[in-house]
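In what follows, a structure is listed as structure tokens, so that the remarks can point back to it.
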Amino acid sequence: MISVSILLVLLAGGALSGPPILQPGAPGAPSREISVEQSRALSQTRHTAADTRFMQHMIVHHQQAVDMVALIEGRTANPSVIAMGGRITLSQDDEMEMMRNWLLQRGEAVEAGDLHAHHGHDGHAGHGEHDHGAADPDDIALMTGMLTPNQMRALEAADGTQFDQLFLEGMIHHHEGALLMVDELLSQPGAAEDIIMSDFTGHIVADQTAEILRMQSILAQLPDSEAAETGVDGHAHHHNHH
């Protein structure tokens, strides 16, 4: 699969003396070399309002993941959690740069003006299964998979194994939200036909699915902790103690 760094080259128009640019083929099909001029033409493929909204919202979504990783320092010494955090920050920083470039090259605003209008309409805000009607705004997530302000505060206040559990559960939920956002985009007629958009959504699915599996593995290896029995959703997770 084409990498985000190659997508950045495509967005930049490439260097005339640089290596050939590869256009990804269909799944299972080989890529083919294209010229810089062709790459510029491909990067200007018609995009939809849904494409623009997806990129604007995903930038905000990614930024919270980076903010979550920034809380790792001083709160845990778990090398697996620290390594996962480093991987997430590197990939999401690159992807945010790519998304901003994509929007700017198409004359679109980087910041979405509809986030608050969009807020809560998708049925996935926060942990919908725990929604019991009118809620404190700090208990409502801005969009699918994002942590609520209260969940971010709980993560900031935690340390040790409790932090590890809240971080991993929260980031798994966060990644699952990104996958739902891709599904929602791809359900829109004509969406993601732009070659860069199409490949980027495939990249998100592959990368974040792999990270979810890795984080689930790390989570399963954490030592049991009474303090860690309150999950990221703020509800106690009861275990049977024999």
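Compute the signed sum of charges (Lys and Arg +1, Asp and Glu -1) over the other residues within less than 12 Å, Cβ to Cβ, of Val110. Could the numbers behind the result be given before it?
Numbers: positive: Arg100, Arg106; negative: Glu97, Glu108, Glu111.
The answer is -1.
How much length, in nm to one decimal, is gained on full extension between Arg46 and Ser217, taken as 0.36 nm per residue of separation minus their Cα-Cα distance? Could the numbers behind the result be given before it?
On the way: separation 171, 0.36 × 171 = 61.56 nm, distance 4.06 nm.
This chain segment gains 57.5 nm when fully extended.
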Query - Segment Gln63-Glu111, extension gain: residue separation times 0.36 nm, minus the distance between their alpha carbons - result: 16.1 nm
**Report entry** Simple label model, 7 Å out from Cα along Cβ direction - Ala206 to Asp136, nm
**Finding:** 4.3
Report task. Note down the net charge around Ala83, summing +1 for each Lys or Arg and -1 for each Asp or Glu among other residues with Cβ under 14 Å from its Cβ. Result -> -1
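Throughout, read-outs are computed from the coordinates displayed, never taken from laboratory work. Just so you know, these numbers come straight off a predicted model, no measurement behind them. Every residue, glycine among them, receives a Cβ derived from its backbone with ideal geometry; neighbour counts consider all protein chains shown.
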